Amino acid sequence: MKALLLISPVLLPLLTLVACILLRRQGAWVIRASLLGSVLLLGCAGVLLWQAAQGQVLSAQMGGWQAPYGISLVIDRLAAALIAISALIGLATLLYGLTHHGHGRLERHFHLFVHGLMAGICGAFITADLFNLYVWFEVLLIASFALISLGGGPRRLAGSLTYVALNLLATLVFLLAAGLLYGSAGTLNMGELAVQFRSGQASAGAELAVLLMLLAFAIKAALFPVFGWLPATYHVAWTPISALFAGLLTKVGVYALIRLVTLLWPEPGALHQVLLWLACASMLVGVLGAAAQTEVRRILSFHVVSQVGYMVLGLALASPLALAGAVFYLIHHIVVKANLFFIGGLAALLCGSERLAAMGGLYARAPWLALLFAIPALSLAGIPPLSGFWAKFLLVKASLDLAAWTAAAVALLTGVFTLLSMSKIWNEAFLKPHPEGEAALGNSAGLRLALACIAVLAGLTLLIGLAAGPVLDYAQASASQLLSGEAHLALLAPPAGD
Amino acid sequence: MIWLTALTVAGLAALGLWMLLDRNLKRVVLGIAVLGNAINLAVFAAGRLGAEQAAFTPAGQVPLAAANPLPQALVLTAIVIGFALFAFALALLKRSRDLHGDRETDHVSAVTEEPAPDLRQGPDREGQA
């Protein structure tokens, strides 16, 4: 029963995927099965989160082979929180996608591949074996390839080609690093690697291989200087798909970075110093890149890069408080970023374009949407009392505690620029009159479901902001769990009950 | 043997990277495949070469010259995955060329940079193209 719960985040999306394939000729049943699968996943994720919040760590050995020989799966606090948030965003994306209807085939394929993507993402969160992590990355990658090119069209296919080529390259780097690491350390089990690295027995070759692997994760996370693929491709996909990608995909890379670095090098060192500078550069370059853009989704894509910088900053500072900040930031950011893409898509539908120059008049036509935009936008910039404020506050406080003045200054400055960027969207899309007059604005009648999704996510942002205490406690407990590495080190101990 | 493998990996990787940097899209995609094979070979060699016995363990015996089966399992997985991804990339390339005759990487970037299309005709006009 425990093992079934442990693998449910992977099993459920895969079963739903199969159901969707089998029902593909049944029209509406695909969507029903898919939504049912998503709701079940969310339920399981809720149980996992509840258990993790009690301090329980779920772990199992696949096929009964003891670690380090078998593949280990572990769900600790960080993994449970990310699975829960991902399940929520997955469900919201599917529901939001229903209102962008009109293309039966596109829609059914969309449901199918989203479940494939969810299986890959959840698999990456629960595995404690680096080669298994590679396999899950591939699962989510092939699903994301299909999703980004879904619908076709010259612009979308051109963007997909860029996305496919650069992500394949990152994957090859990961595979090479995994091979080299096995060659020099003799294991790919995270627990055994942690023992080797923490006791200082790891060879130079193993350390180099891990650094190469971190490069692959950095590409996936879109960290400076290897972020170029993200703002070049995210805006070509169908809107619900961009939202899903922006919310979840880079965060899998950030998760892998956090997992590996905290497990192998819990004490700050030279690597953390490098990460600190990369994080600062990411924050600034991302936000400045956004300033040059004139389309909603392209602005938001650059902000993804900038926000990844904050999370890596928390990892680089490596104090328990900073790491708690990074975990808090991850949770807050996934919700906010996906929601901003949802809102951007809805605004574009109403205005007839996502070019800022051709948008306008939304404040008068859809005041609810304007309010719902303000919540995640201000949260992204870090205005109290929204969730982004607490996330940024933790990181800046941690930087100041460690006398990392530059990092604190960059984090604050980036917040100001983010606010400027958000006010640009506000002014152009909401405040200014539509260039073709009021009559050109679309009707929001058929978009209630999308509005409801947006409202729920905005409500969650408010809730995290207003009730930050429990989330902060959870983040701090995850941080100490990450630094102690207990969940993974315990894999090597012989099982107690057998 | 290990030197021969290392040189092969180096040669293949160099060739793959060189093709990846080409302007011609077809070569870029093929370059990924060549580089992928170089890396597969490297992963295989990570299990050390030389031991040539199959890794079967008869009851009560310890085979001394058994080859390391783990990298073989890893590389088989990687080959299968790599093949699927390569097939997808080729299909994408073909469709993209059918649509607008893309042959060069610069052109692909230029198409991605085009301003977003208007949505007046329906929710996802680009999807109908």
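The values are calculated or read from the model by the stated rules, or taken from the named source; none is laboratory data. Quick caveat: nothing in here was measured; it's all calculated off a predicted structure. With ideal geometry, Cβ positions are generated from the backbone for all residues, glycine too; neighbour counts draw on all protein chains shown. Ligands, DNA and RNA are excluded from the accessible area calculation, which covers all protein heavy atoms including side chains. Shrake-Rupley method; radii C 1.70, N 1.55, O 1.52, S 1.80 Å.
Out of A:484, A:67, A:339, whose Cα points farthest toward the positive end of the dipole of chain A (charges: +1 Lys, Arg; -1 Asp, Glu; placed on Cβ)?
A:339
Roughly how big is region A:266-485's charge dipole about its Cα centre, with Cβ charges of +1 (Lys, Arg) and -1 (Asp, Glu), in debye to the nearest 20?
With Lys and Arg at +1 and Asp and Glu at -1, about 260 debye.
Please compute the alpha carbon radius of gyration of region A:266-485, then divide it by the globular-protein estimate 2.2 N^0.38 Å. Two decimals is fine.
Dividing the Cα radius of gyration by 2.2 N^0.38 Å gives 1.07.
Below 8 Å, C-alpha to C-alpha, sequence gap of six or more: please give me the relative contact order for chain B in percent.
It comes to 22 percent, rounded to a whole number.
Just to be sure I understand the rule: take each whole DSSP H helix in chain A, project its Cα atoms onto its long axis, keep it if the span is 27 Å or more and its mean Kyte-Doolittle hydropathy is at least 0.5. Which ones pass?
Membrane-span-like by this rule: A:2-22, A:28-53, A:77-99, A:104-126, A:130-149, A:154-185, A:270-291, A:296-317, A:320-351, A:405-425.
Name the residue from B:15, A:180, A:33 whose Cα lies farthest towards the positive end of the charge dipole of the protein assembly as shown, charges +1 on Cβ of Lys and Arg and -1 on Cβ of Asp and Glu.
So the residue we want is A:33.
Below 14 angstrom from the Cβ of residue A:486, what's the summed charge of the other residues (Lys, Arg +1; Asp, Glu -1)?
Spelling it out: positives minus negatives among the neighbours equals +2.
Using a 1.4 angstrom probe, figure out how much accessible area region A:266-485 has per residue, in square angstrom, rounded to the nearest whole.
34
What is the average number of partner chain Cβ atoms found within 10 Å of a Cβ in A:167-180?
6
Quick one: how many Å² of residue B:23 are accessible to a 1.4 Å probe, rounded to 10?
Approximately 130 Å² for this residue.
Only helical DSSP H runs with n ≥ 4 go in: add -39500 (n - 2.57) per run for chain A, normalise by residue count and round the 222 nm mean residue ellipticity to 500 deg cm²/dmol.
It comes out at -25000 deg cm²/dmol, rounded to the nearest 500.
If we count every other residue with Cβ under 13 angstrom of residue A:307's Cβ, Lys/Arg +1 and Asp/Glu -1, where does the sum land?
After counting each charged neighbour, the total is +3.
Would region A:154-218 count as rounded, prolate or oblate if I go by the C-alpha gyration tensor, calling it rounded below 1.5 in a/c and otherwise prolate when a/b exceeds b/c, oblate otherwise?
prolate
Once you average over the residues of B:43-49, how many Cβ atoms of partner chains fall within 10 Å of each Cβ?
Mean number of neighbouring Cβ atoms from other chains: 4.
In terms of modelled amide H atoms, which long-range or inter-chain residues lie less than 5 Å from the amide H of residue A:432?
A:361
Going by the alpha-carbon gyration tensor, a ≥ b ≥ c the square roots of its eigenvalues, is the protein assembly as shown rounded (a/c under 1.5) or, if a/c is not under 1.5, prolate (a/b greater than b/c) versus oblate?
Note, shape of the protein assembly as shown comes out prolate.
Sorted by mean Cβ packing within 10 Å, highest first, what order do the peptides A:424-437, A:179-192 take?
Most protected by this proxy first, the peptides run A:179-192, A:424-437.
Where in chain B are the helices, taken as whole DSSP H runs, whose Cα atoms extend 20 angstrom or more along the long axis and whose Kyte-Doolittle mean reaches at least -1.0?
Answer set is B:2-20, B:25-45, B:69-100.
How would region A:120-174 be classified by its alpha-carbon gyration tensor: rounded, prolate or oblate, with rounded meaning a/c under 1.5 and the a/b versus b/c comparison settling the rest?
oblate
Compute the Rg/Rh shape ratio of region A:45-128: radius of gyration over Kirkwood radius, all on alpha-carbon atoms.
Across region A:45-128, the Cα-based Rg/Rh ratio is 1.11.
Mean separation of Cα pairs under 8 Å and 6+ residues apart, divided by the residue count of chain A: what relative contact order is that in percent?
RCO, chain A: 15 percent.
Leaving out ligands, DNA and RNA, and with a 1.4 Å probe, what % of the accessible surface on region A:266-485 is carbon or sulfur?
Carbon and sulfur atoms account for 73 percent of the accessible area of region A:266-485.
If we count every other residue with Cβ under 12 angstrom of residue A:248's Cβ, Lys/Arg +1 and Asp/Glu -1, where does the sum land?
Once positives and negatives cancel, what remains is +3.
Taking each residue in B:107-114, count the Cβ atoms of any other chain within 10 Å of its Cβ, then average. What number comes out?
6
At q = 0.22 Å⁻¹, what log₁₀ I(q)/I(0) does region A:135-246 have when each alpha carbon counts as one equal point scatterer in the Debye sum?
-1.12
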